Amino acid sequence: MARIPDQYGWAVQGVERDRARPPWAYTVGLTPHGRPELLITGLPLSRSAELLNGMGAHLLPDEAPRPGERMRLVDGPLVEFVPVEHPDVHLLTAVALHGPAVRGLQMVWADDRSRWPWERGFRGRRGGQPVLGPRHVR
């Protein structure tokens with residue numbers, strides 16, 4: 001895993017679903033570029049990797065989104081960026097490679113009706129979409 005970011009700029013680490021938790025995935029390798037690692041929960045790992053790679057490519061040459069910022073991803077959902085409260089729990093590989101200063105931003109996605117997981121009527125997938133930090137309402 002440590003060599004992939006050297007070659008491509010970052011890597012995507014996936015964590016499979018288990019009975020209690022939906023899958024999640026996150027980037028490894030944005031920290032050395034002064035950017036937060038990105039994380040997404042509740043989507044199939046292949047879809048998560050597509051979205052993280054697309055956002056990673058946007059993030060390296062640009063500024064990182066601010067907590068609470070929303071954007072529609074190219075060929076993807078509307079997302080809101082939420083700081084990951086405990087990177088040491090959810091970004092294990094990134095923290096192992098880059099140390100405790102790793103910061104994370106979760107890409108929280110809206111459903112097909114533009115509803116968020118904190119709103120009534122959100123249509124998530126099996127296991128939902130855990131939000132791993134406090135929202136910054138702007």
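Any read-out appearing in this document is the output of simple, stated calculations on the displayed coordinates, not a laboratory observation. None of these values were measured; they are calculated from a predicted model. Methodologically, a virtual Cβ is constructed for each residue, glycine included, from the backbone with ideal geometry; neighbour enumeration extends over all protein chains shown.
Points to keep in mind about this one:
- The stretch 86-126: trypsin sites (Lys or Arg not before Pro) in DSSP coil with no more than 11 other Cβ atoms inside 10 Å: 113, 120, 123, 126
- One decimal place: the segment residue 7-residue 113 gains 34.3 nm when fully extended, by the rule 0.36 nm per residue minus the C-alpha distance.
- Amide H to amide H distances under 5 Å link residue 133 with 85, where only residues 5 or more positions off or on other chains count and H is placed in the peptide plane.
- Cα-centre dipole for the chain with unit charges at Cβ (Lys and Arg positive, Asp and Glu negative), debye to 20: 520
- Extended-chain gain in nm, criterion 0.36 nm per residue less alpha-carbon gap, residue 85 and residue 103: 5.6 nm
- Extension reserve of the residue 120-residue 63 stretch, reckoned as 0.36 nm per residue once the Cα distance is removed: 17.3 nm
- A simple rule links phi to the HN-Hα coupling: the Karplus curve 6.51 cos²θ - 1.76 cosθ + 1.60 with θ = phi - 60°, which for the stretch 7-16 gives 7, 10, x, 6, 10, 10, 9, x, 10, 5 Hz, with x for Gly and Pro.
- Rounded Å value of the spacing that divides the Cα centres of the stretch 115-138 and the stretch 15-84: 15
- Compactness of the chain as Cα Rg over 2.2 N^0.38 Å, two decimals: 0.98
- Between the listed residues 53, 136, 32, the Cα displaced farthest toward the positive end of the dipole of the chain, a dipole computed from Cβ unit charges relative to the Cα centre, is found at 136.
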